[in-house]
Amino acid sequence: MPLTEPDQVVDLRSDTVTKPTPEMRRAMAEAEVGDDVFGEDPTVNRLEALAAERLGKEAGLFVVSGTMGNQASLMAQTQRGDEVILDESSHIFNYEVAALVVLSAVQPRTLRGHYGILDPEDIRRAIRPPNIHAPRNTLIAVESSHNRGGGTCYPLEALREIRRIATANGMAVHLDGARIFNASIATGAPVRELAAQADSVTFCLSKGLGAPVGSVVVGTRAFIDRARRARKMFGGGMRQAGILAAAGVVALETMVDRLREDHENTRILAEGLASLPGIVIDLARVQTNIVIFIVKRKDLDAPGLIVKLAEHGIKAFAITPDSIRMVTHKDVNRAGILKTLEVLCAILG
Ligand code: TLP
């Protein structure tokens, strides 16, 4: 339902809160299913093939979550004791419960990017020459669009350079493309071109694309065979998962292009925020469906503003004592954005 009623909740906490569309629910009810651990679920097989085709890869793997997709990829791309180069604000490093250390026993080497976007030269400098004392650098992990960076995206040319550096050093690249379609729309680079710069890509069906559950990992067939074993090890073999995959097929077929609307809404929200007293925001950082801004006031901190917004039915997260993240998605329309700005204006004067 569009959010046109003034008393309706505007939930800007995340695009993960999106509910499945009626078409998804119908497809789920009617999905043909089988045992996916035996490779016999036709709907899962269809989703995996469709995802691989859209991203220009040989094969796909349906997984429970973005976290499982990233971690199965890391396990499939590394060996115990390897070192993974990634940025210090990445989802893999900050929000996956240290799984890379626990499950794959690899060491993270974090670099500081610009709003999460790494400079390829910094990666080149971080790669260790082979030495008996040193861990092997086998993987570079990048994230685009970048969650904690505020929805920022790698320019295609930077990803190409990272790809060249990895190849020259015998390393693989993993792209956490939880929101890769947002990145494609924002940069104008076809999603296949972005994916071509990585050996493995995870993208989420359950964020802006609106499916209730799931992500897909894509890469070569040999990589996917290894990732499938990791998924089984993590307890992610899901049997008649076609019921969930059916929604993913609808998500890929019908929900990608409309992400533009979310970007437009984010822009309106960000520009409105920039005009409010006590709000600091870097508009150059606002590229997709995420906006992160700083609350700089003596009378109110970020958690305090979250409480006041909630009193008006507006939900968002304070991600530090002085900053707030808002994420737009299909279940918040233009009226919801305008209501948010009106309420902010009333609170902040
Ligand atoms: N991000 C969630 C939270 O975990 C923070 C959100 O609300 O944005 N990669 C990226 C870039 C992500 O933003 C997320 C989820 C994941 C991976 C993990 O996906 P899930 O939640 O499906 O495990």
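Side notes on the structure shown:
- Members of segment 102-136 found to be of a type in the set (G, A, S) and closer than 13 Å to D82 by Cα, listed by number: S104, A105, A134
- Residue satisfying condition, being over 16 Å from the mean Cα position of the chain (by Cα) and small (G, A, S), within set A222, A211, A186: A222
- Condition check for G34: small (G, A, S) and within 21 Å of C204 (Cβ to Cβ): no
- Residue-level check: of (1) in contact (Cβ under 8 Å) with a residue 24 or more places away in the chain; (2) charged (D, E, K, R); (3) part of a loop (DSSP other than H, G, I, E, B), R46 misses just (3).
- Those residues of segment 190-204 which are open to solvent by 10 Å² or more (accessible area, probe 1.4 Å) and part of a loop (DSSP other than H, G, I, E, B), in sequence order: P190, Q197, D199
- Subset of segment 232-272 (residues that are in the same structural domain as S65 (by TED's automatic domain parsing), of a type outside the set (A, V, I, L, M, F, W, C) and open to solvent by less than 10 Å² (accessible area, probe 1.4 Å)): G236, G242, G248
- Segment 284-310, residues that are out of contact with any helix residue (DSSP H, G or I) (no Cβ under 9 Å at 6 or more places or on another chain) and more than 25 Å from E261 (Cα to Cα): K296, K298, D299, D301, A302, P303, G304, V307
- Tally, over segment 106-138, of residues that are touching a residue at least 60 places away in the same chain (Cβ under 8 Å), at negative phi and under 19 Å from the mean Cα position of the chain (by Cα): 0
- Residues located in segment 300-318, provided they are β-branched (V, I, T) and either within 16 Å of L273 (Cα to Cα) or in a loop (DSSP other than H, G, I, E, B) (or both): I306, I314
- Test: residue in segment 257-267 that is touching a helix residue (DSSP H, G or I) at 6+ places or on another chain (Cβ under 6 Å) and either β-branched (V, I, T) or farther than 24 Å from D15 by Cβ (or both): no
- Under the condition of being farther than 17 Å from V9 by Cβ and assigned to a helix (DSSP H, G or I), the residues counted in segment 321-346 number 2.
- Odd one out for A158 among (1) farther than 27 Å from R325 by Cα; (2) touching a residue at least 40 places away in the same chain (Cβ under 8 Å): (1)
- Among (1) within 21 Å of the chain's Cα centre (by Cα); (2) farther than 16 Å from V201 by Cα; (3) not basic (K, R) - the single one M75 does not satisfy: (2)
- Comparison of T167, T187 shows that the only residue that is free of Cβ contacts under 8 Å to residues at least 12 places away in the same chain and open to solvent by 10 Å² or more (accessible area, probe 1.4 Å) is T167.
- Residue that is nearest to the ligand (Cβ to nearest atom) [pool: residues in segment 170-183 that are of a type in the set (G, A, S) and buried (at least 24 other Cβ atoms within 10 Å of the Cβ)]: A178
- Scanning segment 243-281 for residues that are over 21 Å from the mean Cα position of the chain (by Cα) and charged (D, E, K, R) yields a total of 1.
- The residue list D41, D36 contains one member that is open to solvent by less than 10 Å² (accessible area, probe 1.4 Å), more than 16 Å from the ligand (Cβ to nearest atom) and either touching an Asp or Glu at 6+ places or on another chain (Cβ under 9 Å) or of a type outside the set (D, E, K, R) (or both), which is D41.
- Verdict on S14 being small (G, A, S) and in contact with a Ser or Thr (Cβ under 7 Å, 6 or more places away or on another chain): no
- Consider segment 205-227 and keep the residues that are more than 11 Å from the ligand (Cβ to nearest atom) and β-branched (V, I, T). The one that is most open to solvent (accessible area, probe 1.4 Å) is T220.
The values are calculated or read from the model by the stated rules, or taken from the named source; none is laboratory data. Since we're looking at a predicted model, the values are computed, not measured. All Cβ positions, glycine included, derive from the backbone under ideal geometry; neighbour counts span all protein chains shown. Note: accessible area is taken over every heavy atom of the protein model, side chains too, but ligands, DNA and RNA are not part of it. Shrake-Rupley method; radii C 1.70, N 1.55, O 1.52, S 1.80 Å.
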